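What follows is one structure encoded as structure tokens, with my remarks underneath.
Every number in this text was worked out from the coordinates using simple rules, so none of it is lab data. Computed from a prediction, not measured in an experiment: that's the story for all the values here. So basically every Cβ, Gly included, is an ideal-geometry build from the backbone, and we count neighbours across all protein chains shown.
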Amino acid sequence: MNSGIDPLDSDTATLIEAYFDRLWPIMRSITGEGVRQTHDILSELVPLERIEIPTGTICHDWKIPQEWVVREAYVITPDGERILDIADNNLHLVNYSIPFRGKISREDLDKHLHSIEGEPDSIPYVTSYYAPIWGFCISHKMRNSLVEGEYEVVIDTDHIDGSMTMSEAVLPGSSSDEVLISTYTCHPSMANNELSGPLASAFLYRHLAALKNRKLTYRFVFIPETVGSIAYLSLRGDRMREKTVAGYVITCVGDRAPFTYKKSQREDSLADRAAAYVLQRQGDGSNRIRDFFPFGSDERNYCSPGYNLPVGVLARSWPGEFSEYHSSRDNRDAISFKSIASAADTLFEFCKVLEVNQVYENLFPFGEPNLGRRNLMETTGAGRTRRDHIDAIKWLLNQASGNNDLLSIAERSGINIDKLDEAACKCLDAKLLKIASK
Amino acid sequence: MNSGIDPLDSDTATLIEAYFDRLWPIMRSITGEGVRQTHDILSELVPLERIEIPTGTICHDWKIPQEWVVREAYVITPDGERILDIADNNLHLVNYSIPFRGKISREDLDKHLHSIEGEPDSIPYVTSYYAPIWGFCISHKMRNSLVEGEYEVVIDTDHIDGSMTMSEAVLPGSSSDEVLISTYTCHPSMANNELSGPLASAFLYRHLAALKNRKLTYRFVFIPETVGSIAYLSLRGDRMREKTVAGYVITCVGDRAPFTYKKSQREDSLADRAAAYVLQRQGDGSNRIRDFFPFGSDERNYCSPGYNLPVGVLARSWPGEFSEYHSSRDNRDAISFKSIASAADTLFEFCKVLEVNQVYENLFPFGEPNLGRRNLMETTGAGRTRRDHIDAIKWLLNQASGNNDLLSIAERSGINIDKLDEAACKCLDAKLLKIASK
Amino acid sequence: MNSGIDPLDSDTATLIEAYFDRLWPIMRSITGEGVRQTHDILSELVPLERIEIPTGTICHDWKIPQEWVVREAYVITPDGERILDIADNNLHLVNYSIPFRGKISREDLDKHLHSIEGEPDSIPYVTSYYAPIWGFCISHKMRNSLVEGEYEVVIDTDHIDGSMTMSEAVLPGSSSDEVLISTYTCHPSMANNELSGPLASAFLYRHLAALKNRKLTYRFVFIPETVGSIAYLSLRGDRMREKTVAGYVITCVGDRAPFTYKKSQREDSLADRAAAYVLQRQGDGSNRIRDFFPFGSDERNYCSPGYNLPVGVLARSWPGEFSEYHSSRDNRDAISFKSIASAADTLFEFCKVLEVNQVYENLFPFGEPNLGRRNLMETTGAGRTRRDHIDAIKWLLNQASGNNDLLSIAERSGINIDKLDEAACKCLDAKLLKIASK
């Protein structure tokens, strides 16, 4: 289980690339060995705790599916050529296919083929978790070139009772208030959607683990999409509803586009405000904020009316809106390892905003306290220049009514939240402020 | 009382025209036989129940005026010509004039004349319900051409104790929640203001009466303007305050302009939201929404602070803002019978929005329910295309927290409310939703 | 103490100029005789009551400083020339300097000099209330021309136990609800900042004192900046928190720029709404409204979280944002006496809005009351023209639900608040309205 790479000895993008290359070839699905191998590798970066939910377990409205066992799958053409072999590309087999072995005509085979008409060279990614079928995914060009004749189909798969694999890592802080980071590990060989998500999340974990005096508790969740978040909520949802102050689903953060943030259902949750605060101040202003909509990834479960958690989504190009989406073209060429590293950095910025986002109460609320006496401002002066650090103190003291969090003070004042946090530390030292009780 | 026209055998605009022609010549006022004749004719379309309020009855701050009896009114010129005869145009007599019979000079007659200086050919519409005067309305051109000499004035009118006539028709639905449709029948021969209003309302009634599974109860009110709505509120106001979910005053819907909607005093009432929803999606975007103001027609009484009902106004050109307003030029040429028919259709659209505007509660609120298992979405796929009907289901389930009505979900999602209603029906069938109790 | 000028015998700007000239040369500071002389002169205009707070008194987080006694201060150059003499310009001495007498080198003297590098001819205004230092303020040109050699420094000052001087004048109205007018009198010879403020406030007092049937009570406060408002709040703050409905800090209203209004912390307080209402309708639209920020003048104390009073600031050019600020260039040439007079007039407009800003309750809330019967509108008419005074009555009656103040009705209707007040008087006479109890 040791990769031979010491994670701390290499620059992040290079390290991400190394992990990417190990994770890429694994045949993942919503259940099965591929997921376990994937989580084993990620465990080198994050101390994941495995949750195996037995096949057939009822989780809210869903039943945990069987494990998928896949040994081999390919087709032999009338000319004896072996094609559509999952050893070449694991997208060739419709994910979760039932077993099949037999000889069939080109016409009958074609009924089981999936291709993309407008993209002659792409192999699509197709799944059928809840309908027992078999099928192959093929480039449209190859599909059109298949000759008449008899084809031998080999799909050596099984669906067995076992369990569905999820992993979590809870990084504690001094407060039990939680931030959720959720990403999914059920897609086979695709790069932006999905290896970018687990990799950015894993490296975010490392940033947070290194943070001194961490206040918040971080809940990292690596799950199969949809049924995974529902199963996870059925286990942890009550606590999450009570404790989650913000959360993010991480997906498609590997391409070269600016960030897109999709708001939580509440649309003004702390998660949304922290993300908007960071993204709007970053770069050239091309990051985008989107309103919530209830389809997409696991956010639709976190934001379902019974939970309504403050959970948004961080992506770059939006899933479904970039041309490589759910096809063999979503590969190494479609992404940049630096993009994944910078996504981890940006998420870390979100978390740092959440970390400093206290609500303070002014202990000298009747008029401005005497700052000069406490060496918090100069005592001689012409009053002709603004001093940023003093403005920050004055905003903070004025707004420290016990109702405004630091982020709202940053938003209102236009002063950087880090500057306000520095001011807060000075004022705490000077006993001008206290942290408001909830 | 039978018009000889079977209402269901003819297209609506033609039918409206036939009723218009019968209603046009009647000498209406706030009280009297003209109103009764008018309501008799409208009763062929709507099963009106007559309310006769006796003269002198105190209704809130008002006293019901006497009935006006008008037999003939005209002037004989010094040349012996009979002019200003109400047999030619019932606008010639100041409405509710006291009787007068006598010979007077041109100068004295002129003190009793009303004309419009800038419109030489128009006869104005003038009333004097609450000051006992007599007068004639005359084109400015004719007024200027009156020769010196003695004029014989004949005004054979009476004010007698009797009653003020109002009519209502309550079309029941499965809920006792009510929609108010209010229009007035006190103006003599004018087309846009006012025959368009009662005619559009009557045909709206017919649309609604034909609606299967009608949920809401519709209260149609045909009354004299101002004193009529006050008297009606004095009778029905307590119930209306309790039951009215939306309401519309209908006036000036006969000309060829786009629609204008004037909001209720609340400005975000369900009436306002439903009207805005329909009007903003209709046609070329030229429909207008106006803020509330407390003058105009009966909405000022419905929206008075003691009632503050959710009642707006539907018009095309705004009363007072089109050149034919309150003059003999507001005639057949100023309107189109298709405009009246389409106003009835548009009001029916408002009502259909109100009909479907349920508040739903998700019965599987913990994560998205399994739609595939219920055949509500496909189970195999590449996830590369959006499906409108599935988006509608997902929006609905996500927002069905028991707080959001369907209209607010349509506004937020951008999905047509009819599509959402279809989705709701499927989800009710699948027992995923229930209608929220209030 | 009699100036020989009868304030009522002269036009306001001329009168302001006369007072300005008497107040200009006085050596003011946060404490001491200069402040008392200043308040003596202002007492001719406003019946000020003196509040002397003893040195050392604890006021919230602050301690009242000693009185500053200043007799003379100057420097003798190596050439025997007497320079930096406060007899020439009282800005030359750092305000609140400790005494010093001695001979020192140019280098040592320079450590005690303050000048403005970019403004060679300006003498800066520098204070040191809370650090015991001495210093001189000098034009940068003169500073650079000082020759080597020995300089004789004479600063004959004292800090003695005594008291800090504040004055108040409470102009009673029929209601105990209060409007605060606060201005400061601690700056030595500067014109816009600060003589414009006390002078505009004093003339506002005269306008208000002449107002018949004054409803509100006006609290005028003349204090040293910062420590003054804190000390005043420590005395009167509890009452002010209970009674203050609006308030304004007056500063820098003497220059020729349009008005700037800075909102109170609440940002939608009655003070803010009244100021915005007046300023947005005034002149060519160049008046500006600024959001609140917690630095500046005494508003930061009035708006501190323990009080959070509805107090904004009226200025023209903003303190710190005009080039003459806190320097010898802020003199007679930088201001216009008409500007000060018009500031008093504009503040009077604010107050008149506050005076009429009642909340009314419609006594006939069920439908529109019969206005014709009460001679509040014409009873005969063609309904073809709008009548402003009737619109005002109708808006008022419609909105008189006991929740809307007159200002909100003016904002919503677009009708001038004076017209609405006239309408309210008519409706009160007609017993259609009453003033709502709180």
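Structural remarks
- For the range C:359-435, the relative contact order comes to 48 percent (Cα pairs under 8 Å, sequence separation of at least 6).
- Near C:GLU67, once Lys and Arg are set to +1 and Asp and Glu to -1 for all other residues with Cβ below 9 Å from its Cβ, the sum equals -3.
- Label-to-label distance, A:LYS141 versus C:VAL147, with points set 7 angstrom from Cα along the beta-carbon direction: 9.4 nm.
- Whole-number percent relative contact order across the range C:68-160, with pairs defined as alpha carbons under 8 Å at least 6 apart: 44
- For residues of A:122-129, the mean tally of beta carbons on other chains within 10 Å: 3
- Net lengthening on full extension, B:ASP156/B:ILE58 (0.36 nm per residue, minus Cα-Cα): 32.5 nm
- Using only the C-alpha atoms, the convex hull of the range C:255-305 corresponds to 79 Å³ per residue.
- q = 0.10, 0.18, 0.20 Å⁻¹, the range B:69-189: log10 I(q)/I(0) [Debye, one scatterer per Cα]: -0.40, -0.94, -1.12
- Neighbouring partner chain Cβ atoms per residue of C:303-313, average, 10 Å criterion: 4
- Among C:ARG373, C:ARG219, C:ARG239, residue whose mean-square fluctuation peaks in a GNM of chain C (springs only between Cα atoms under 10 Å): C:ARG373
- When the protein assembly as shown is described by a simple charge dipole with +1 on each Lys and Arg Cβ and -1 on each Asp and Glu Cβ, the residue from C:PRO319, B:ALA341, C:LEU233 located farthest towards its positive end is C:LEU233.
- Electrostatic tally near B:ASP121: other residues with Cβ closer than 10 Å to its Cβ, Lys and Arg +1, Asp and Glu -1, net +1.
- Global form of the range C:251-406, assessed from the alpha-carbon gyration tensor, a/c cut-off 1.5: prolate
- Highest-first arrangement of B:224-235, A:387-398, C:112-123, where packing means the average Cβ count within 10 Å: B:224-235, A:387-398, C:112-123
- Rounded tilt (10° steps) of A:12-23 against the dominant C-alpha axis of chain A: 30
- Radius of gyration and maximum dimension Dmax of the range A:302-346, Cα, Å: 14.1, 40
- Zone residues, the range C:349-371, relative to C:ARG387, backbone N less than 19 Å from point 7 Å out along Cα-to-Cβ: C:368-371
- Each listed q (0.07, 0.12 Å⁻¹) maps to a log10 I(q)/I(0) for chain B, found by the Debye formula over equal Cα scatterers with no solvent: -0.42, -1.00.
- Cα shape, the protein assembly as shown, gyration tensor, a/c 1.5 rule: oblate
- Estimated FRET transfer efficiency (B:ARG239, C:ARG412; beta-carbon r; R0 30 Å; 0.05): 0.55
- Highest-first packing order for the peptide set A:54-64, B:326-336, B:140-150, C:242-252 is C:242-252, B:326-336, A:54-64, B:140-150, based on the mean count of other beta carbon atoms within 10 Å.
- Percentage relative contact order, chain A, counting C-alpha pairs under 8 Å, at least six apart: 15
- Taking a sphere under 12 Å around the Cβ of A:ARG50 and counting the other residues whose Cβ falls inside, with K and R at +1 and D and E at -1, yields a net charge of -3.
- Degrees separating the helix C:270-280 axis from the principal Cα axis of chain C, which is the longest one: 90
- Two-site FRET efficiency, C:ASP121 against A:GLU361, from Cβ-Cβ distance with R₀ of 41 Å, rounded to 0.05: 0.25
- For peptide B:368-375, the mean count of partner chain Cβ atoms within 10 Å of a residue's Cβ comes to 5.
- Ordering of A:92-98, C:183-189 by burial proxy (mean other Cβ atoms within 10 Å per residue, highest first): C:183-189, A:92-98
- Beta bridges from DSSP with both residues in chain A: antiparallel share about 65 percent, rounded to the nearest 5.
- Counting only the Cα atoms, the range B:359-435 fills a convex hull of 84 Å³ per residue.
- A:ALA209/C:ASN403 FRET efficiency (R0 56 Å; Cβ-Cβ; nearest 0.05): 0.55
- Each label point was placed 7 Å from the Cα along the Cα-to-Cβ direction; for A:ARG281 and A:ASN375 their separation is 2.8 nm.
- For A:ARG288, the residues 5 or more places off, or on other chains, whose built amide H falls under 5 Å of its own are A:PHE259, A:THR260, A:TYR261.
- With one equal scatterer per alpha carbon and no solvent term, the Debye-computed log10 I(q)/I(0) for the range A:90-161 at 0.12, 0.16, 0.20, 0.26 1/Å reads -0.32, -0.56, -0.86, -1.26.
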